[in-house]
Each structure stands twice: as structure tokens, then as C-alpha cells.
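Read through the structure below, which is laid out as C-alpha cells, and then see the notes.
The values are calculated or read from the model by the stated rules, or taken from the named source; none is laboratory data. Note that the structure is a prediction, hence the values are computed from the model and not measured. Neighbour counts run over all protein chains shown; Cβ positions are idealised from the backbone, glycine included.
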Amino acid sequence: MKFAVKAWSNGGARAGILHLGTSTIDTPSLLLSTRKGLPHFISPDLLSCLPSPESRLLHVSPLHFLEGLSMKTISKIGGLHQLLGLHDHCFVSVPRDSIQCLPEANSTNKIGASFETPCGRLLIKPVEYMEMISSTRPELWATLADEVPAWVSDKRNKTSVDRTIKWLDECISLSPASGAVFGAIVGGSSLEERRRCAQEVATRNVSGYWVGGLGLGESMDERPALLNAVIEALPEEKPRLICGLGLPEEILQGIAAGVDLFESTYIYHLTLGGFALTFPLDRTQINALNLAPSDVGSDPRKINLRATVFRKDTMPIVEGCTCYTCRNHTRAYINHLLNVHEMLAQILLEIHNTHHFLGFFRLIREAINAGRFEEFRKEFVQRWR
Amino acid sequence: MAGTIKGLATYQLEEIGCQIILGNTYHLALRPTSELIDELGGLHKFMNWPRALLTDSGGFQMSPVDGKPMLLTPEESIQIQNRIGADIIMALDDVVKTTITGPRIEEAMYRTLRWIDRCIAAHKRPHDQNLFGIVQGGLDPVLRDICVRGLVDRNLPGYAIGGLAGGEDKDSFWRVVAQCTATLPEDKPRYVMGVGYPLDIVVCSALGADMYDCVYPTRTARFGTALVPEGVLKLKHRAMAEDTRPIDPTCACMVCKNYTRAYIHSLVTKDAMGSQLLSFHNLYYMMQLSKNLHSSIVQGKFPEFVCNFLQKMFPKGDIPEWVCNAMEVAEIDISSCCAPFRYIQATKVQSNLNEDEIQAV
């Protein structure tokens, strides 16, 4: 793995280039969320219709495989690329998956990290986690962390930092030859603990940093300070990854603080709800924004395709969008699919929403490269308040 | 389908060579309604399917929404189908289960004949929609014959053999198909409705049928079952968890080229992606089967294809008797696939030996 910062904008926002596996990805970038390595709905042969290479970073939680597939078998098959038939993609392994593998801080102990999963509560020891990493062979992986929600006691929070650092060292010592390691940084909502953890991890031999324990109860107002406390202690030239931030505003917050990679559940939740992103991605559209009355529900950033207003709407979700869904299907058709509970609805929505959200990241990178990220961010937040 | 094949995008259906899709008239009439589909330019446009579509009459179902039987007149059925705009539309017939007996079957057959005239009269788009008649008559050859003649008299673009695939024994099933294909015109398509299993399709093709429809491939996929040359493969089975082979090593579909049984096993019944991938494979399998049936006939190698197919499915030679009987009538020699005892048994029957001299092996 290689990473280099290419441009700065006002504040902490930066644009960089990440070389991972066979891909060269511009950052800030989005990791697509997966279930057992494949998208929730998008069929693998339709993955190639997403913009490339931006869509090639996939977040995989190795815990997903514990339900029905042994690490031995995965190893025998040859790791994630072989298992999933995705040879052009890059896998980033983080144990936590903000949809179905949530850290269960009450059950975590000195032996391992506890997660609430579809196959029950699991306690994962560092040595077990590293076995998963060795078998699955992702290009990039984060060390095992003790993530705690914002409301735990100071004592518990301090323990989580100590444990996370201990597990980091253990994971690194068991580290396989290939695969870049990101050191996990926790600390709850304590600025001191966050700083302490970051400072410790910064001394370790890692390729980058995974900021964990966020999106677990802290408010959006608290977050910038916590992020800054962490980032300030980290070297500039190594990439930073964060999970659990969903909304566009949260992403913008993370970028302003200096985060480069994001795993977000936003697309998944939108898709499940029958929502499609519609906020304009074209600068000229943004400037000339003129919402027709029928377009406005309570949220002009997205439309809920279950609404009856779309029954006869023969427009694509977003006119001019080049995604597979908008090139081939209408709002009326998707409305029908949602009404008759057909999975194709989710497939088409996940394609569009992914495409659109990746477009949002592209806009962000353009703004950073042009040195006007803060203006872009203010404008975005203002308009969609 | 209700506007989509379970979990597959039109791009994928085109990729696997699907040429025609069946639209479920009852469901579409309920949601989004035939009027809406018509207003938006017809079903092809609505779902963006550039190839062929066929709609059934909508008369075959009970309401899944409110449980009431949906009563349609022939005129209503045709009107709805005219609005949906499929390339082939089906006449409204009076279907009865093959497992019942008595005067109801005869009543249904004559009603079907009366209704075909009403369907023809009601059909507003004979130039772009082909109305197929459906042969009824239960398992009674006399009734079937009357129905065939009646329909053929109307000179329809195609004919369906209906009322089967409903629980009758296989031996009765193939005999009805054989009788109909023998008497329906050679130069019009014969469509066996609701069939079916790969074996049934091979037998019916040998008997001269051309078209089929069945929910089996996608439905069985949702239960974790894959279609393979040997029959079926149950991916849910624990043994699959360690099996690193593809579902079918001879299959060229993207599922078999990229995934192991072990991985699919980890998905089935738990993740939507599992059904998706299995549906894709199963449909690909059916498309390949059709392609192979077609090309083997064109190349004059149909009997070899059938033997090959049966050998893979019944490696011990224990081919069901109904298949042997049907193939005999179809004049396809499958003796090479049948186990020796079976062949001997068949020849013993032919030479009229005493019953106690015929031994079950």
C-alpha cells in the first residue's frame, strides 16, 4: 500500500492518492459496504457498471463468514478475491460492520472483543481475528479494538484504550506477510483518552489509522473536537479511515478533520427504505437550483419511491444520471417493484444510490483540489438544512 | 412474473439468452393495473424488456391479497392483456384439476371452446398480439380430441396444452401431451403450460412441444436448490460448507465460474444474494437446456442428446418407466441409457411371458 497527500484545502481537508492492490484510488474515498463480501443487493456482474476505480474499495467484516463458512475453507479457496470472484477490487477488513456486527461493549473483556451478530453474541480474541485476516487476505485491515459507546464510565473508557493498544501490538505480532495494517484508535467521548490513544498508536509501525468507536452515541456536535484530538496526534502522511459515519454532513465533518477513507451505512439504509438520492451533483445544477413544487417532500435531497406520486412518473430517478438504473428504468417502474416487494427494487436503488454518493465524493475531491472545500461544505449544509 | 424475474435485472436476462418472459396478468392487473401499464406505453416499455413477452389469461388464480377467487370474463381477460401489450396472449380457458373426474371436465372443455370465440371477438390487437388457444379436456382423450379440433378450426397463431402440471401421474401427463402434439398443426408452436422440470421438458420436446413456462427454477433457488445435470444440488446441506467445487463444473454461467458451493452455502436462506445467484444459475441452466435441445434437433443429434441427458441424470440406468414409455412413442431410442435389467424387463413384457416369470430385480 502507498499513500500520498496531493492537495490541501482550508482546514484539515486533504486530497490524496492511495495505491492498494492493483488499484489507484483518489481520496477522500468511500468504502462500499458488503455482506459476506458482496454488496447487499447489487449482483456481482452488475458491479462493473459502477464508476471505476472509485467503487473498487469494499469494506468486509470477517465476522460475517463465521455464519456458515470456516476460515480453513476460505483459506483453501485462496482468500477473498477467489472466494468472491472479484479480482479487480480491494478489500478493507474492519471487524465492525455498522449494520449487523455491532460492538457489544458490555460483553467485551480482557480476552476479546464482543460483537452482536446474526449468529448471536461472539467474543473475538486477537489470535482468532488474525486467523481470519490470514485466511481472508484483505489488502488492508484494521487491528481489533474495544469500541465503547459515548456513555460509558471514564474507567471503562480508559480500559478500552489500554486494551485496544495491547490488542494492536498482538495483532501486529501475528500479522501475515501481505496486507497493510491500520492501527485502531478509540477513546469514547473523552478528548484526553482519544489523544492518548492516538499518540500511542502513532508510535507503532502501521500503514495508517482506523478511527473507531464513533457513530456509537456521540452527537455530531461533539465529534469535531474528538476527531481533532485524534488527528492532531497522527502523522500527516499516513491515511485515516473511519467507520460509522452515515449522513453527508457527517462525512463532510470527517473530511474537514482530515479523514481520507469512509465506510458508511447511508446507502444501505436509504435503499432499504425505498429512498433514492437526488441532490444535484452538477455545479451548474446547484447554482441554478429551482425545485419544482412536486419534487419537494420534506427532504429535497432524496425521494421516497414508495410514494404514490411516482406511480406514473416516467422520469429516471435523476435526469442525466449515468448509472445503470437511471439509464434503463423509470421512477414508475421502481415504485411498482417496491409495491410488489420485488428484490429488484433494492438492487436498482443500491446501484443508483452508490453511484450518486460516489459522485458526492467526487465533488468533494474537486472542491479540495480547487482549494474551496470549506465553501463547498458550508453551501451544502446550508442548502439542505 | 410481476414485472420482473425474481432478483434479476433485464441486462442479466439478456446475457443468459432469455428470449421471452411470462407476465402474470392477474398480479399485473392488481398492481400497477393494466390501465397504468397501457398509459405508460405497455409492459415492454414499463420494464424495459426489448425481447418477447407473453401474458397468461389471468384466470388461473385465487387472490393472494384478499382470498377471493378472481372472476374474469373472456372479454375482460383479453382487454387486460391488450392493455399490457405482450407479444403472445392466452385465451381465457376453463381449467380443472386433472385429479378430478366426472362431468365437470367435459363442461370445462366445451366452455373453453365457447370462450375462444369470445376471446377472438374481443381481441383488439390481432396484428401485434398473437392469441393462443388452450387445449383442455382433462385426461380424457376423447375430450382432448374435440378440443384440439375446435381450436384448430379457428386457425390460431399457436396452441397451448393446458390443464396439466397439476398433480396428475406422469404416465397420464405424457400421454395427453403426445396426443395433442400428434393432432395439433405441425407449423404452429405448441406450448405446454406450467412445465417444468428439466426431465419433463426433454420428454415433451421429444413428443413435439416447443414452449414451456415454469416458476420452478427461481422458486427452487429460493430454497437453496441448484439445477445440475445430475438432477438437483441442495446447497443448504451441511456437506456443502466445505465443498470448494463450483455448483456445476460443466456450467459456464458467472456463478459457476466465480463461486464455490461453500460460499453459496453460506448465503442461501440467509442472504438475498444467495437466492439471486442461485436464480441466475438455475435460469442459465434452463436456457442452456433449451439451446441444447434446439441445436441437437437442428443438427440431427437429438437422440444422442437425450441419451446423454438421461445418462447424467440416471447414472444407474434407473430411468422412470413413464420416460421410457414416452420415448418409445416419440421414437427416440434410449435403450443405451437404461439398465440391462430394465431393458430385459421391457422386452419380456413385449414377448408376453407369464406374469410370474417376470422377476423384479
Next item on the list: State whether one or more residues within region A:90-108 are in contact (Cβ under 8 Å) with a residue 40 or more places away in the chain, small (Gly, Ala, Ser) and touching a helix residue (DSSP H, G or I) at 6+ places or on another chain (Cβ under 8 Å).
Entry: yes
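For region A:330-385, how many residues meet the condition of being among the β-branched types (Val, Ile, Thr) and closer than 16 Å to A:Thr278 by Cα?
Number satisfying all stated conditions: 5.
Determine whether B:Gly59 is within 12 Å of chain A (Cβ to nearest Cβ) and in a loop (DSSP other than H, G, I, E, B). Don't jump to the end; show me each part of the working.
Details: within 12 Å of chain A (Cβ to nearest Cβ): no; in a loop (DSSP other than H, G, I, E, B): yes.
No; evaluated as a whole, the condition is false for this residue.
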Next item on the list: Take the residues in region A:343-356 that are facing chain B (nearest Cβ under 7 Å) and modelled with pLDDT of 95 or more, then tell me which one is surrounded by the fewest Cβ atoms within 10 Å (Cβ to Cβ).
Entry: A:Leu344
Checklist line | Among residues of region A:213-255, those that are hydrophobic (A, V, I, L, M, F, W, C) and in a loop (DSSP other than H, G, I, E, B), counted | finding: 7
Next item on the list: Would you mind listing the strands (runs of 3 or more DSSP E) fully within region A:105-171 where at least 3 residues are modelled with pLDDT under 95?
Entry: A:113-117, A:120-124
Next item on the list: State which residue pairs qualify: first residue outside the structural domain of A:Ser114 (by the TED database) and under 12 Å from A:Val94 (Cα atoms) and inside region A:126-146, second residue part of a helix (DSSP H, G or I) and not charged (D, E, K, R) in any location, beta carbons under 8 Å apart, and separation of 6 or more residues or different chains.
Entry: none
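Tally time: how many residues in region B:91-148 are among the charged types (D, E, K, R) and over 22 Å from B:Arg175 (Cα atoms)?
Filtering region B:91-148 for residues among the charged types (D, E, K, R) gives B:93-94, B:97, B:104, B:106-107, B:111, B:114, B:117-118, B:124-125, B:128, B:140, B:144-145.
Keeping just the survivors that are over 22 Å from B:Arg175 (Cα atoms) gives B:111, B:114, B:117-118, B:124-125, B:128.
The number of residues fulfilling the criteria is 7.
If I filter region A:202-212 for residues that are part of a loop (DSSP other than H, G, I, E, B), aromatic (Phe, Trp, Tyr), in contact (Cβ under 8 Å) with a residue 60 or more places away in the chain and in the same structural domain as A:Pro239 (by the TED database), do I get at least one hit? Lay out the reasoning, then the answer.
Taking region A:202-212 and keeping what is part of a loop (DSSP other than H, G, I, E, B), we get A:203-207, A:212.
In the following step, the residues that additionally are aromatic (Phe, Trp, Tyr) were identified as none.
No, there is no match, as no residue in region A:202-212 is part of a loop (DSSP other than H, G, I, E, B), aromatic (Phe, Trp, Tyr), in contact (Cβ under 8 Å) with a residue 60 or more places away in the chain and in the same structural domain as A:Pro239 (by the TED database).
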Next item on the list: Among the candidates A:Ser9, A:Ser75, A:Ser70, single out the residue that is more than 28 Å from A:Leu344 (Cβ to Cβ), touching a Phe, Trp or Tyr at 6+ places or on another chain (Cβ under 6 Å) and polar (S, T, N, Q).
Entry: A:Ser9
Next item on the list: Give the residues of region A:65-89 that are touching a Ser or Thr at 6+ places or on another chain (Cβ under 8 Å) and facing chain B (nearest Cβ under 9 Å), sorted by residue number.
Entry: A:Phe65, A:Glu67, A:Gly68, A:Leu69, A:Lys72, A:Thr73, A:Ile74, A:Lys76, A:Ile77, A:Leu83
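In the list A:Gly359, A:Gly320, which residue meets the criterion of being surrounded by fewer than 17 Cβ atoms within 10 Å (Cβ to Cβ) and either in contact (Cβ under 8 Å) with a residue 12 or more places away in the chain or at the interface with another protein chain (Cβ under 8 Å from one of its Cβ atoms) (or both)? It would help to see each step written out before you state the result.
Numbers: A:Gly359 fails: surrounded by fewer than 17 Cβ atoms within 10 Å (Cβ to Cβ).
On inspection, the qualifying residue turns out to be A:Gly320.
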Item checked: Qualifying residues in region A:208-249 (those that are among the small types (Gly, Ala, Ser) and in contact with a strand residue (DSSP E or B) (Cβ under 6 Å, 6 or more places away or on another chain)) - the one nearest to A:Asn157 (Cα to Cα) -> A:Gly212
Check: Picking from A:Phe115, A:Phe91, which residue would you name as being under 20 Å from A:Tyr209 (Cα atoms), touching a Pro at 6+ places or on another chain (Cβ under 9 Å) and aromatic (Phe, Trp, Tyr)?
Finding: A:Phe91
Item checked: Qualifying position, being within 22 Å of A:Leu46 (Cα to Cα), free of Cβ contacts under 8 Å to residues at least 60 places away in the same chain and not assigned by the TED database to the domain that holds A:Thr354, among A:His59, A:His87 -> A:His87
Item checked: Entirely in region B:100-206, the strands (runs of 3 or more DSSP E) that have 3 or more residues that are more than 24 Å from B:Val298 (Cβ to Cβ) -> B:130-135
Notebook entry, point to check: Across region B:1-40, what is the total count of residues that are at the interface with chain A (Cβ under 8 Å from one of its Cβ atoms), free of Cβ contacts under 8 Å to residues at least 40 places away in the same chain and assigned to a loop (DSSP other than H, G, I, E, B)?
Noted result: 5
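Give the residue that is modelled with the highest pLDDT, with candidates limited to residues of region A:91-104 that are part of a loop (DSSP other than H, G, I, E, B) and more than 14 Å from chain B (Cβ to nearest Cβ). Explain how you work it out, then say what you get.
Step one: of region A:91-104, the residues part of a loop (DSSP other than H, G, I, E, B) are A:94-96, A:98-100, A:104.
Still in the running and more than 14 Å from chain B (Cβ to nearest Cβ): A:94-96, A:98, A:104.
On the way: A:Val94: 95, A:Pro95: 90, A:Arg96: 88, A:Ser98: 81, A:Glu104: 90.
If we take residues in region A:91-104 being part of a loop (DSSP other than H, G, I, E, B) and more than 14 Å from chain B (Cβ to nearest Cβ), then A:Val94 is modelled with the highest pLDDT.
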Note to self: Cβ contacts < 9 Å: first residue at positive phi, restricted to region B:228-248; second residue buried (at least 17 other Cβ atoms within 10 Å of the Cβ) and not in a loop (DSSP other than H, G, I, E, B), any location; separation 6+ or different chain. Result?
What the structure shows: B:Gly231/B:Pro198; B:Gly231/B:Leu199; B:Gly231/B:Met313
Note to self: Quick check on my filter: what residues within region B:281-333 are surrounded by 13 or more Cβ atoms within 10 Å (Cβ to Cβ), in a helix (DSSP H, G or I) and β-branched (Val, Ile, Thr)?
What the structure shows: B:Ile297, B:Val306, B:Val323, B:Val329
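Residue-wise test of (1) closer than 30 Å to B:Ile5 by Cβ; (2) within 13 Å of chain B (Cβ to nearest Cβ); (3) among the aliphatic types (A, V, I, L, M).
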{"residue": "A:Asn10", "(1), (2), (3)": "no, no, no"}
{"residue": "A:Gly21", "(1), (2), (3)": "no, no, no"}
{"residue": "A:Asp26", "(1), (2), (3)": "no, no, no"}
{"residue": "A:Leu30", "(1), (2), (3)": "no, no, yes"}
{"residue": "A:Leu38", "(1), (2), (3)": "yes, yes, yes"}
{"residue": "A:Ile42", "(1), (2), (3)": "yes, yes, yes"}
{"residue": "A:Cys49", "(1), (2), (3)": "yes, yes, no"}
{"residue": "A:Pro53", "(1), (2), (3)": "no, no, no"}
{"residue": "A:Pro62", "(1), (2), (3)": "no, yes, no"}
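Given the residues A:Leu216, A:Leu226, A:Leu245, A:Leu168, which is the only one that is of a type in the set (A, V, I, L, M), in contact with a Pro (Cβ under 7 Å, 6 or more places away or on another chain), under 20 Å from A:Ala105 (Cα atoms) and in contact (Cβ under 8 Å) with a residue 24 or more places away in the chain?
Residue meeting the stated conditions: A:Leu216.
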Check: Any residue at all in region A:70-84 that is within 29 Å of A:Ala257 (Cα to Cα) and either within 19 Å of the chain's Cα centre (by Cα) or among the aliphatic types (A, V, I, L, M) (or both)?
Finding: no
Item checked: Count of residues meeting criterion [more than 17 Å from B:Tyr259 (Cα to Cα) and modelled with pLDDT of 95 or more] in region A:62-90 -> 1
Check: Under the condition of being more than 7 Å from chain A (Cβ to nearest Cβ) and in contact with a helix residue (DSSP H, G or I) (Cβ under 6 Å, 6 or more places away or on another chain), which residue from region B:265-279 is surrounded by the most Cβ atoms within 10 Å (Cβ to Cβ)?
Finding: B:Leu277
Next item on the list: Scan region A:176-201 residue by residue and report those that are in contact with a strand residue (DSSP E or B) (Cβ under 6 Å, 6 or more places away or on another chain) and in a loop (DSSP other than H, G, I, E, B).
Entry: A:Gly179
